[in-house]
Each structure stands twice: as structure tokens, then as C-alpha cells.
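Chemist: Starting off with a structure, shown below.
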Amino acid sequence: MTAPKKTPEALRSARWFAPDDLRSFGHRSRIMQMGYAPEEWMGKPVIAILNTWSDLNPCHGHFRQRVEDVKRGVLQAGGFPVELPAISLSESAVKPTTMLYRNLLAIEAEELIRSHPVDGVVLMGGCDKTTPGLLMGATSAGVPAIYVPAGPMLRGNWKGKVLGSGSDAWKLWDERRAGKLSDAEWTGIEGGIARSHGTCMTMGTASTMTAIAEAIGMTLPGASSIPAADANHIRMCSEAGRRIVGMVWEDLVPARIQTRAAFLNAIVVAMAMGCSTNAIIHVIAMARRAGCEIGLDDFDAASRRVPVIANIRPSGDTYLMEDFFYAGGLPALMSRLRGLLDLETLTVTGRTLGENIAGAEVCNDDVIRPLEQALYEEGALAVLKGNIAPDGCVIKPSACERRFFRHTGPALVFDDYPSMKAAIDDEDLDVSADHVLILRNAGPQGGPGMPEWGMLPIPKKLVKQGVRDMLRMSDARMSGTSYGACILHVAPESYIGGPLALVRTGDHITVDIGRRSIHLEVSDEELARRRAQWTPPPPRFERGYGWMFSRHIRQANDGCDFDFLQTDFGAPVGEPSIY
Ligand code: FES
């Protein structure tokens, strides 16, 4: 067992509670006002539990109960738990996109921790942006932190057919658009696809990001795979409560865990999982908060050497996160990746990643494949560059038809989401299956907030002809549960004058995933002429949070963090004065 490094006098919270002065009298008396006797909290680590529960976030619907389990663990280990609510960021409810608010959650988390008498923090999240938002904030705050993932919901079910969040909704929606599903059938699907609390149970952004949190070392071993409704999840919560108290005494701060090697491990794991494209943006932002330089090239390098071995939808066509848990979960998957991981990285357990996964076993070789029987030989994501995306863009080859790995086609350009939506079901739309559908003004500034619009619908007339995949391109993101030949995150974005703004309907675009290239077949001279004619659109926001967002958001290849929150912006923030 690691020897304690901290004394009660050295606790951060002691600055609020210990001095014999009037200010501390006020702090102590207000704790006692809540009914706590001094022996319940004096000299004990104060553990903040940042809870992203809300009535409008079904993915975190169980957090009202689970927070009590975390508190139980904190008390058992001799800490003093305090719950601090934080913005919930429900992926299904927040418009125009939760991505507009990821950094707001990060700011809230950081400042909640910094401004209160907090020695350690338990972060309760899971629905897409809550994982990076909470971790980014806690990393910047710098106190010991442990992440508690909400866990995936149970498998969906409709008439005995297994349904996966998002992925099956997109597929079945195309069937409905083609007139093959009745109103009653559609209502039945609505009632069956989300059967319990918990996050999307496909390999969407939520499961990707919680797996990444575990691979970095910020969760207990196996925590990210446990279904939300499983009793193991309750035990994991109380264990996290116990463990954070130990982390405070050991001064196990995020900076000791979140090294570049830890982030590279996370990228390897993400690739092997067939991860969401959103992972790229979030990991870059998280790593840079930790002072680690991670960029698009790190993802591309990993994607060339790491096979996809998690047979989970949408990259796989059968299994879901519940099956992944029964197959051994993330420790089992990481045990298959030993040769590709740095096993010496430190984790919240105080042990190394290698020690954490010692003895982990795969219980189902079809769910977690052996490396030599991978789902895809290469990783889940490819980074493309070219004259239309000088700062890069991404595609998920494992989730698209192989005929698009090398493709040239004419562009069909939509200037914004409403015009695309209005045209896409027009039976007279001049479009073929070889076209490249383009949506612009959907990036960080243009969306605003870079909404998940990147899986543009297949035009209705082509759906009726049986077309189910097309090359699509945008500066938007797409849901991790989405699939198809969608080129995303084009940087710089069109709204600020990136080359995507200059494409015209009928121009030809060539994509070559093997060469990692994308090219607009228009001469430099013609592009210069078009640029001279281009006028910047008016600002999206004139006031409020959006005003701040639009002035400080960075582009997708830089992780979409605010410039003033990154480690290279000025001097580090000090501790607040409490006087
Ligand atoms: Fe919350 Fe998918 S909607 S994880």
C-alpha cells in the first residue's frame, strides 16, 4: 500500500476550516448549520462529487441514486462527501448541440473545484460531452480526481430484434422513408430502443469517451463497460468513493496520471474499439489541458497499426456494450493489446495499467476478437489532407462501404442544414449515387458548435433505389453511432473562409483513403478567383455565452477548446484567496 503523503493540516480544505479566525469560524459554523458535527468533517478530505444528473438526461437518470453510493464509499474511507450539481448536457435534448457547451461544463467543473473547499473530486458523467468536459475541468483544477462513468444502457429490443442506439435508428428511419415501416411499428421501435437508464450502448461517443477515460487511467479498472442497470455499477460507485479518499492522501493528481503515454494508450484503445470520430476532437482537447501535445497525426499513426477488434455496432454488425461487458470489458480488450500499450502508466488505483489488467481474460472471442482475426486490419479512423482540407479532416473507414475508399465524384453543395433538409427529399433532386454531398457552415463557428450533422441523409429518391451509402463531406461532426462514408471535421471550416467555402456544385472531388488524401479538382488560380469573391458571413452571436464562444473557440484539429483555457495561454491559475 502506498504510504500517505499528506497530513490533515496539509489538506486544501484546511485553509477554509482550520484557522482560528473569524472567516474560518464562518466556514465551520455553516457546515454545522447543515447538521454535521465537527468529528464528521474536521481534518478529513472533503470530496466533491460533481453530479451531472438532470430530469432531461435519461443517460444519467440513475445518478440520483448512484451519488448516494459514491457518498457511502467516501464515508467508509474516512472522507467527507459533498455533492455539487453541474450542467447535465443531455445529448438528446440540448440544442443546437451539446458541443456548444462542452467547454462551459469544463469551466464549471474547474471553477466549482477551485472555489470550494475541495480536496478531491468524483466526476459523474457519461453522456457524450460530459466525459471530456468534466475531465478537462478537473485536469485544469489539478486536485485528485476519479471518473465514474454512467455505464451503457441495456440492449434495445423490438419484436425480439436487438436494437442499438442511434445506429439502428438511422437504418430503420431509411426503411420508414422508403415506406416500409408503419406508424405502429415505428412507435414500437421508439418504445424498445432505449430500455433502461444509461448511455447509448453502441460504440458511440459515450462508450468511446468512457473507454478513453479508463485507458488514460482516470477510472477504476473495468468501470467503463459495466451496464448502468447492473449491480456491479453500484459497487463500482462506492469503490470510487473509497478510492478517491486514498488518492487525496497520496496526492495522486491528474498530472501524475495524464501523461502523453497515457493519451497514446487511449488512442490505441479507441482505435481497437472502432471508436467514434468525436474521440479525435475530445482527446486533443483533454491532452492539451494536461500539457501533452497530441494531434491528428497521432491518431493517423495509431490507425495504421491498430486493428479494430471490438465487434460492436456500428463497426461490427452484431454486438452491443452489454455483450462487451460479458466478454470481459475493457480490461480484457486491453489485455489483447498489451504489445501496443505502455503498461507502465499510472492510474487512479495507484497501480500501473499493466498491473490493473493482469489476469484479465476475454470470455468471448467473437465479441473481442484476437488480433489475427480482427474486424478490420487497420484502425477505425483515417485522417485525410488536401487542398480542400489543409488542416485535415477525418473519415471512419470501418463504418463505410469499401467502394468509397477511392472515389471521384461531382459535388452537390448545400450552404446550410435547412437548405439541405428542404432539398434532400425532393424526388427531382439532380443527384446520383456517385455524387459527393457537401454541407458547409456547420463547423465550430458556423454550426454554431459543430453539430452532429455530418451523416447527411441519403437523398430520398436514391433510398428508394436501394442506395444506403454515399460519400458525404462537411465541417460538422457526426454521432459516434452514425456510419457511412462521411468525411467530417474539415478544417479550417467554411464559415471562416476555409476552402470548403469555395466548392461549387459540379466540381469534382477525389478521395483516396489509402493515400490519406482528398482533393478538389479545381485549379489554384480558379480557387484564388473564388476566394476574392467570397464574403464572410455575419457573426452568429452578438451577446452572451455564444459571443464568448465565437471569439475563443479553436478549430477541430486543435480540439475545439477555448484558447484562454489551454495551458499555453498565459500563466497558470493560482489558488483563490479565501479572505
Ligand atoms: Fe446520452 Fe447517447 S444520448 S449517450
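Chemist: Could you tell me whether the stretch 258-383 comes out rounded, prolate or oblate from its Cα gyration tensor? Rule is a ≥ b ≥ c as square roots of the eigenvalues, rounded for a/c under 1.5, then prolate if a/b exceeds b/c, otherwise oblate.
Modeler: The shape class here is oblate.
Chemist: A further question on this structure: In whole Å, what is the distance between the alpha-carbon centres of the stretch 73-105 and the stretch 116-139?
Modeler: Using only Cα atoms to place each centre, the spacing works out to 7 Å.
Chemist: Quote the relative contact order of the chain in percent (integer), defining contacts as alpha-carbon pairs under 8 Å separated by 6+ residues.
Modeler: Result for the chain is 13 percent.
Chemist: If you don't mind, another one. Could you tell me whether the chain comes out rounded, prolate or oblate from its Cα gyration tensor? Rule is a ≥ b ≥ c as square roots of the eigenvalues, rounded for a/c under 1.5, then prolate if a/b exceeds b/c, otherwise oblate. Don't skip to the answer; put the middle values down first.
Modeler: Working: a/c = 1.88, a/b = 1.56, b/c = 1.21.
Prolate is the answer for the chain, as a/c is 1.5 or above and a/b outweighs b/c.
Chemist: Could you tell me the accessible area of Thr535 in Å² (1.4 Å probe, neighbours in place), rounded to the nearest ten?
Modeler: We get 100 Å² for Thr535.
Chemist: Right, next: Probe 1.4 Å, all protein chains in place: accessible area of Trp547 in Å², nearest 10?
Modeler: 110 Å²
Chemist: Hey, another quick one. Roughly how many Å² is the accessible area per residue of the chain, as a whole number, for a 1.4 Å probe?
Modeler: 38 Å²
Chemist: Another question about this same structure. Can you tell me the 0 to 90 degree angle between the C-alpha axis of helix 524-533 and the longest principal axis of the chain, rounded to 10?
Modeler: 70 degrees
Chemist: Another question, if that's okay. Note down the net charge around Ser482, summing +1 for each Lys or Arg and -1 for each Asp or Glu among other residues with Cβ under 10 Å from its Cβ.
Modeler: +1
Chemist: Same structure, new question: Rounded to whole Å, give me the distance from the Cα center of the stretch 410-459 to that of the stretch 146-168.
Modeler: Going from one Cα centre to the other spans 28 Å.
Chemist: Which net charge results for the neighbourhood of Asp20, defined as the other residues with beta-carbon distances under 14 angstrom from its beta-carbon, given Lys and Arg at +1 and Asp and Glu at -1?
Modeler: +1
Chemist: Just to check I understand the Karplus step: with θ = phi - 60° and J = 6.51 cos²θ - 1.76 cosθ + 1.60, what whole-Hz values come out for the stretch 199-216, glycine and proline as x?
Modeler: For the stretch 199-216, the Karplus curve yields 7, 3, 9, 8, 7, x, 5, 4, 5, 4, 6, 6, 5, 5, 4, 5, 5, 5 Hz.
Chemist: Let me ask something else about it. Once you list every other residue whose beta carbon is under 11 Å from the beta carbon of His552, what net charge do they have if Lys and Arg are +1 and Asp and Glu are -1?
Modeler: So the surrounding residues net to 0.
Chemist: Return the carbon/sulfur percentage of the accessible area of the stretch 235-278, one whole number, probe 1.4 Å, all protein chains in place. It would help to have the intermediate numbers written out before the result.
Modeler: Values: 560 of 980 Å².
It is 57 percent, rounded to a whole number.
Chemist: Further, regarding this structure: Using only the Cα atoms of the stretch 449-506, build the gyration tensor, take square roots of its eigenvalues as a ≥ b ≥ c, and label the shape rounded, prolate or oblate: rounded if a/c is under 1.5, else prolate if a/b is larger than b/c, else oblate.
Modeler: Cα axes put the stretch 449-506 in the oblate bin.
Chemist: Straight distance only, please: which lysines reach the Cα of Lys171 with their own Cα at less than 20 Å, same-chain residues fewer than 8 apart left out?
Modeler: Lys159, Lys161, Lys180, Lys396, Lys421, Lys460, Lys461, Lys464
Chemist: Find the centroid of the Cα atoms in the stretch 308-337 and in the stretch 470-532, then give the distance between the two in whole Å.
Modeler: Their Cα centres are 33 Å away from one another.
Chemist: Also, I was wondering about something else. Got a number for the accessible area of Thr259? Probe 1.4 Å, square angstrom, nearest 10.
Modeler: The accessible area of Thr259 comes to roughly 50 Å².
The values are calculated or read from the model by the stated rules, or taken from the named source; none is laboratory data. It should be emphasised that the depicted structure is a prediction, and the values quoted were computed from it without experimental measurement. We place every Cβ from the backbone using ideal geometry, glycine too, and count neighbours over all the protein chains shown. These area figures cover heavy atoms from the full protein model, side chains too; ligands, DNA and RNA do not enter into them. Shrake-Rupley method; radii C 1.70, N 1.55, O 1.52, S 1.80 Å.
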